Structures are given as structure tokens and as C-alpha cells.
1. Any residue that is buried (at least 18 other Cβ atoms within 10 Å of the Cβ), aliphatic (A, V, I, L, M), modelled with pLDDT of 90 or more and over 16 Å from Arg104 (Cα atoms) - is there at least one of those in segment 69-84?
2. What are the pairs, 6+ residues apart or on separate chains, where a residue within segment 123-143 that is open to solvent by less than 80 Å² (accessible area, probe 1.4 Å) has its Cβ under 8 Å from a residue that is basic (Lys, Arg)?
3. If you take the residues in segment 1-50 that are outside any helix (DSSP H, G or I) and among the polar types (S, T, N, Q), which one is least open to solvent (accessible area, probe 1.4 Å)?
4. Does Arg65 count as of a type in the set (D, E, K, R) and either assigned to a loop (DSSP other than H, G, I, E, B) or in contact with a strand residue (DSSP E or B) (Cβ under 6 Å, 6 or more places away or on another chain) (or both)?
5. Which one is surrounded by the fewest Cβ atoms within 10 Å (Cβ to Cβ), of the residues in segment 85-97 that are within 18 Å of the chain's Cα centre (by Cα) and outside any loop (DSSP other than H, G, I, E, B)?
6. Return the residue satisfying two criteria in turn: it lies in segment 99-115 and is of a type in the set (Gly, Ala, Ser) and open to solvent by less than 60 Å² (accessible area, probe 1.4 Å), and of such residues it is nearest to Ile69 (Cα to Cα).
7. Answer yes or no: is there a residue in segment 59-68 that is open to solvent by 40 Å² or more (accessible area, probe 1.4 Å), of a type in the set (S, T, N, Q) and modelled with pLDDT under 90.
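The values are calculated or read from the model by the stated rules, or taken from the named source; none is laboratory data. Here the structure is a predicted model, which is why all the values come from computation and not from measurement. Cβ: placed from backbone, ideal geometry, glycine included. Neighbour counts: every protein chain shown. SASA here: full protein model, heavy atoms, side chains in, ligands and nucleic acids out. Shrake-Rupley method; radii C 1.70, N 1.55, O 1.52, S 1.80 Å.
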Amino acid sequence: RAENLLALDAILEPLGERTIRAHSGDEALKCLLTDDFAVILLDVQMPGLNGFETAELIKSRERTRYVPIIFLTAISKDEAYVFRGYSAGAVDYVFKPYDPGILRSKVSVFLELDAASRAAKRNEALMRAAFDHAPTGMARLDLDYRISEVNRALADLLGRRRNDLRD
């Protein structure tokens, strides 16, 4: 509902992050095709696909499998619905009316985790590039001291293909 989305925007606005609204499960799934998300707030009752069905589809895709989902609901307080929400992949199941500060805090935790994960991926890509393109020959060893990876310079120095030097 438009009024619920406006209320969520007002609650999350202090976090300073961009929010995307979806008015149905189908619309939410379309958004996931073009954008990456740190966290998804999902109403249990939506037109078309309900929240559980939407969550199951989100979790079935490799690209969105690990995006945390927080269910929000005013109606489905029955234990079976809560269990279904967690079974569908939710990290939390929040009943309306919810405390704005608590909801903002929960979302903030996932925003911080997402930022840390993205920073780690950037650092990993930088380290990978530095290893691969280093002018000095280098190898990485596994815990049994076998070669698990060599860079281009070492393979060239030894006159061997990189894959031939593994293990």
C-alpha cells in the first residue's frame, strides 16, 4: 500500500540510502533484475505473488540468494506464518506496528554488512590483480604446502603453463 511505503520511506530516510519501492511481488522481482540490494523489506500480503512466494523466488536465484529479507506484517501473526517466513529465507519477521528506531537499526546492520562485503570484494579483486600481474614470480600454497596457484611471471620464468604447476 502506498501509505505503508511512504511510512517506510520516512523511517529509513535518516539512513541516507536510496530506497526502491515495489507495489507487488512481481514488481519487486523485476527490480532485482536491474539493481543490487543490501536488504529487502517485504510485506507478507501483496497483490499477485505474496511475500512468501516472492521470498522463495528471490532465494532461488544465485544472484539474490544471500540478500537478507525482513518480513513486515500487520495480519499474519500466527506462528505458522512466522515459521513460513523464516522457511522462505527471512532473517527477521516484524509485526506492525513496529518501532521505527528498531526497524531502522535492523536495516542499518544489513547496510553495514553489505558495505563491508563490497569493500572486501574490491580488496580481493585488487589483491588478485596485483598477484596476477606482478612482475615477480609468485605462488600460493595450500595448507599441505602444495602449489594452489601461480602468477603469470612465475609460469613464464619456469617456461610452464600455470595449470601445470598446480599441486
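1. The answer is no; no qualifying residue exists.
2. Phe131/Arg140; Asp132/Arg152
3. Looking at residues that are outside any helix (DSSP H, G or I) and among the polar types (S, T, N, Q), I get Ser24.
4. Judged against the criteria, Arg65 is a match.
5. Within segment 85-97, the match that is surrounded by the fewest Cβ atoms within 10 Å (Cβ to Cβ) is Ser87.
6. Among those residues, the one meeting the criterion is Ser108.
7. No, there is no match, as no residue in segment 59-68 is open to solvent by 40 Å² or more (accessible area, probe 1.4 Å), of a type in the set (S, T, N, Q) and modelled with pLDDT under 90.
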